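Report on one structure; see the data block that follows.
No lab work stands behind these numbers, since they all come straight from the coordinates. Computed from a predicted structure; not experimentally measured. All Cβ positions, glycine included, derive from the backbone under ideal geometry; neighbour counts span all protein chains shown.
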Amino acid sequence: MTKPLRVVDAIAEHDIPGIVAYHRQRSEPKAQRIVAEYDHIIALLTFNPYLMAVRPHGWRVYAFQAGTYLLYYRELETCWLVAGVFHALRDPDWIWTQATIRQVSDPTP
């Protein structure tokens, strides 16, 4: 049996609402496409978390097609942790730091 997929609370509380709010002002259909793609990515990773290769920093990254966003996740001892959805043009060091902070502060089972 594979490990469960755990999504940090910050994604539902901050990442996705912020992305949707930004795009909803410009295009409701695009905002809806991004949410639908996020749901699709989570479903894919639940089924096959090995889908993306491990990057040198230890995270796996799934790039959205509906927008310039990256979903960061990694394998832990007890689960697969989805730590954030970040804009792809952000500083990679900032993204890595945010994902790591979320990993450390997440109360994983």
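Quick notes on this one:
- Considering residues of segment 48-75 that are part of a loop (DSSP other than H, G, I, E, B) and touching a residue at least 40 places away in the same chain (Cβ under 8 Å) only, the residue farthest from Val20 (Cα to Cα): Trp59
- Residue check, Ala83 assigned to a loop (DSSP other than H, G, I, E, B) and in contact with a helix residue (DSSP H, G or I) (Cβ under 7 Å, 6 or more places away or on another chain): no
- Some residue of segment 66-87 being loosely packed, with under 11 Cβ neighbours inside 10 Å and either farther than 21 Å from Gln103 by Cβ or touching a Cys at 6+ places or on another chain (Cβ under 6 Å) (or both): no
- Within the set Ile42, Ile19, Ile34, the sole residue that is of a type in the set (A, V, I, L, M, F, W, C), touching a residue at least 60 places away in the same chain (Cβ under 8 Å) and either outside any loop (DSSP other than H, G, I, E, B) or closer than 25 Å to Cys79 by Cβ (or both) turns out to be Ile19.
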